[in-house]
Every structure is written in structure tokens, then in C-alpha cells.
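The values are calculated or read from the model by the stated rules, or taken from the named source; none is laboratory data. In this text, all values refer to a predicted model and were calculated from it rather than measured experimentally. Quick reminder, even Gly has a Cβ in these numbers, built from the backbone with ideal geometry, and neighbours come from all protein chains shown. For the accessible areas, the whole protein counts, side chains as well, though only heavy atoms, and no ligand, DNA or RNA atoms are used. Shrake-Rupley method; radii C 1.70, N 1.55, O 1.52, S 1.80 Å.
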Amino acid sequence: MLEQIAAVVGPFVVGLLVGIVAKRLVSAALFLIALFIVLAALGYMTPDQVSAFLQQMGYAAKEAVSYAMRIKELVPYSSAAFLLGLIIGLWKG
């Protein structure tokens, strides 16, 4: 009985946490993009500086994708409880 509850609650909690983290990462990325647009528009940053920053972000994104591919095997993304937790995390997180 307890094992069955843990088998449902575990993926739900993991999905909830993944959803919350994903939503906050997207929010932070959008904020940074808006900040750099404003800084470039006001003349505090040159287009070369923005380009260099975007290149660095591209390298960091490649590393993040490779890391995510490695941990993808650990996430129970085919579970309905995980998907429900992910949706709630993205919506309410």
C-alpha cells in the first residue's frame, strides 16, 4: 500500500519541481534578454558586447543541453503523475 503511494507521489513531486525550475529559468532568461535590449538601446552596451554575451550564452546552453540529456534517463517523464506535476509546476510555480 505504502509502496504504491510512493510510486505515484514520487514522480508527481519530481514533475512539480521540474516544472517550477523550468518556469523560473524561462522567466529569468526573458528578464535578461529584456535587460540587455534596454542597455543596448540606452547606449550602455555596444552591439559587439551584446554579441559576445550571446555567444557565451550559446556555449552555456550547449553544456546545459548535454547535461540534461544525461539526466533525462532519470526523470520518469512517461508517468502520468510526473506529467501532472510538471503541468502544475509550470502553471502555479
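Compared with the dominant principal axis of the Cα atoms in the chain, helix 47-71 is inclined by about 20°. Annotation: per residue accessible area for the range 7-60 equals 73 Å², rounded to a whole number [probe 1.4 Å, protein chains only]. The accessible surface of the chain, taken with every protein chain in place and a 1.4 Å probe, is 74 percent carbon and sulfur.
Just how large is the dipole of the chain about the Cα centre, in debye to the nearest 20, putting +1 at every Lys and Arg Cβ and -1 at every Asp and Glu Cβ?
Values: 6 positive and 4 negative charges, 25 e Å.
Taking the Cα centre of the chain as origin, the dipole is about 120 debye.
May I ask for the angle, rounded to the nearest 10°, between helix 2-42 and the longest principal axis of the chain, with both axes built from Cα atoms and the value confined to 0 to 90°? Taking the Cα atoms of the chain, the angle to 2-42 is about 10 degrees. Between the alpha-carbon centers of the range 1-54 and the range 70-92, tell me the distance in whole angstrom. The range 1-54 and the range 70-92 have Cα centres separated by 16 Å.
In the calculated pair distance distribution of the range 7-62, what percentage of Cα-Cα distances lie above 14 Å? Roughly 68 percent, once rounded to a whole number. The HN-Hα couplings worked out from phi for the range 72-87 by the Karplus form 6.51 cos²θ - 1.76 cosθ + 1.60 (θ = phi - 60°) are 4, 5, 7, 8, x, 6, 8, 7, 5, 5, 5, 4, 5, x, 5, 5 Hz, whole numbers, x standing for Gly and Pro.
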